[in-house]
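Asks: Questions regarding the structure given below will be posed in turn.
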Amino acid sequence: MAETKQKAGGMFSAVERWIAGRYLRARRQEGFISVIAGFSFLGITLGVATLLVSLAVFNGFQRDLLSRVLGFQGHLMVFSPNGPFVPPGDDLRRLSALPGMAGVMPAIDGQGLLSIRDYAGGVLVKALNAADIARRPAFAGSLKAGTLPAGDGVAIGAKLAERGGIKLGDRITLLSPRIGTEGAPRSRSFPVVGILALGVSEFDATLVLMDLPAAQSFFELGETITTLELMLDDPAKAPGLHPAVSASLSEPLLAQDWQQVNGAFFSVIETQRNVVTLILAMIVIVAAFNIISGMIMMVQDKGREIAILRTMGAGRGMVLRIFLLSGASIGIAGTVAGVALGVLASHHVEDVRQLVQALTGTDPFNADIYYLSTLPSWTDPVQVALVALSSVALSFVATLYPSWRAARLDPVEALRYE
């Protein structure tokens, strides 16, 4: 007995681990308890994995969409409430000298009507200097065919080219809503020199990208622009740099950062992620309740064994640790399996989407609804750690009451009614 007590030293002794393992490996007549333990393990595994996959998809969706949108429109936008303007040279010098500023780019954003053969549709016209277009990774890195626009040539979105049957070398006709000198909307023909696949369905379906001088001539803006786009080395600095940008501007120019322009949209994504996370976390909680029920049944079934342990000298603390280890082992094993499954699935979520689409014939991630053409995913190690720690902690909490009941069991009463 002294040897047993000696081995029982520490948080979980070898004897306690061995007995806990024996209790989890139920005999044939105790198979129902093993089945409950198995379902608890599967519940925690699937709950943790599903939660990690959903978080990875939301993270990827937010990061990918944010990077594409910011690459398209800039991190800080300077505009005039009075319409097109000529940016003062002093303002440009002050803005270029601000810390963290990667580029100051004059731009034109307008709307028009594109027509070619029997196709016509509204388009978003965006114009930058040819050198600025080449510096923007969102454009230079999305070139699918041809070259970036320069001179009178334009580049169009890949989905727009597909819908209109437009190929490189075709000439498209753009109709401007601005009234020309003859009292009619302006129209002009442009050759298509490039096709862009930006990965955002709205841009790919409507974008016409052109050189700034060509757009100024087409919209009859002279030397004016509609927006001054400021690119930073880190988009996260935009809100902090906003006051300095505003202080560098002459009247009546105003500045907006990307959070002000797109804040409501990305807040919706954040809210959806929080709601989905809460709902999926319920799966882990339900699995924890399964651990409680399984452990209570195990305590009732092991009443005779507990009484024998107590009569042999095992204290209440040892009994409590045995059952605590039995229940927590299910949660820890389920969490480890869930993390492995979730991280693996998160790295192949686009393959799973394509498989589902091939099997069902329907697209579960419609680009026209979700903006992006592919299902993105990004696994945050901090979130993985928090989910794993929360699952393990919940499993430990779920075993406290059954373990306490086992430790409080009276060996005399247990043997008498056995």
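The values are calculated or read from the model by the stated rules, or taken from the named source; none is laboratory data. Just so it is clear, the structure is predicted and the values come from calculations on it, not from any experiment. Quick reminder, even Gly has a Cβ in these numbers, built from the backbone with ideal geometry, and neighbours come from all protein chains shown. Ligands, DNA and RNA are stripped out before the accessible areas are found, and what is left, the full protein with its side chains, is counted by its heavy atoms. Shrake-Rupley method; radii C 1.70, N 1.55, O 1.52, S 1.80 Å.
Asks: Enumerate by residue number the trypsin sites (Lys or Arg not before Pro) in region 122-183 meeting two conditions: DSSP loop (anything except H, G, I, E, B), and at most 14 other Cβ atoms within 10 Å of the site's Cβ. Walk me through the numbers on the way to the answer.
Replies: On the way: sites: 126, 135, 144, 159, 163, 167, 171, 178; in loops: 167.
Here the trypsin sites (Lys or Arg not before Pro) that fit, given the DSSP loop and packing criteria, are 167.
Asks: Evaluate E = 1/(1 + (r/R0)^6) for residue 251 and residue 39, where r is the Cβ-Cβ distance and R0 equals 56 Å; express this FRET efficiency to the nearest 0.05. All intermediate terms of the calculation are to be shown ahead of the outcome.
Replies: Working: r = 69 Å, r/R0 = 1.23.
Given R0 = 56 Å and the Cβ-Cβ separation, E is 0.20.
Asks: Express in whole angstrom the spacing between the alpha-carbon centres of region 191-262 and region 71-108.
Replies: Their Cα centres are 8 Å away from one another.
Asks: Quick one: which residues, 5+ away or cross-chain, put their amide H under 5 Å from the amide H of residue 232? H built at 1.01 Å from N.
Replies: Placed amide hydrogens put 75, 102 under 5 Å from residue 232.
Asks: Restricting to Cα atoms and excluding each atom paired with itself, what does the Kirkwood estimate give for region 113-194 in Å?
Replies: 13.5 Å
Asks: Now a separate question. Subtract the Cα-Cα distance of residue 382 and residue 401 from 0.36 nm times their separation in residues, and report this length gain in nm to one decimal. Mind showing how you got there, number by number?
Replies: On the way: separation 19, 0.36 × 19 = 6.84 nm, distance 3.03 nm.
Gain on stretching residue 382 to residue 401: 3.8 nm.
Asks: Label points 7 Å out from Cα along the Cβ direction at residue 274 and residue 340: separation in nm?
Replies: 3.5 nm
Asks: Say R0 is 22 Å: what FRET efficiency, to the nearest 0.05, do residue 188 and residue 82 get from their beta-carbon distance?
Replies: 0.25
Asks: DSSP loop GluC sites (Glu not before Pro) in region 171-257 with at most 12 other Cβ atoms within 10 Å of their Cβ, which ones?
Replies: Here the GluC sites (Glu not before Pro) that fit, given the DSSP loop and packing criteria, are 182, 223.
Asks: Now, a different point. Per 5 Å bin, what percent of the C-alpha pairs of region 131-170 does each bin hold, from zero upward?
Replies: 6, 21, 33, 23, 14, 4
Asks: D for region 186-272, whole µm²/s, Stokes-Einstein with Kirkwood Rh over alpha-carbon pairs at 37 °C and 0.692 mPa s: what number?
Replies: 199 µm²/s
Asks: Starting from the 7 Å offset along Cα-to-Cβ, what nm value, one decimal, do you get for the label separation of residue 145 and residue 234?
Replies: Here the modelled spin labels are 4.1 nm apart.
Asks: Over region 131-229, with every protein chain in place, what whole percent of the accessible area is carbon and sulfur at 1.4 Å, could you tell me?
Replies: About 54 percent, which is the carbon plus sulfur part of the accessible surface.
Asks: Let me ask something else about it. I need the per residue convex hull volume for region 61-186, using only the alpha carbons, in cubic angstrom as a whole number.
Replies: Dividing the Cα hull volume of region 61-186 by its residue count gives 160 Å³.
Asks: How much length is gained on full extension from residue 393 to residue 354, taking 0.36 nm per residue of separation minus their Cα-Cα distance?
Replies: 10.4 nm
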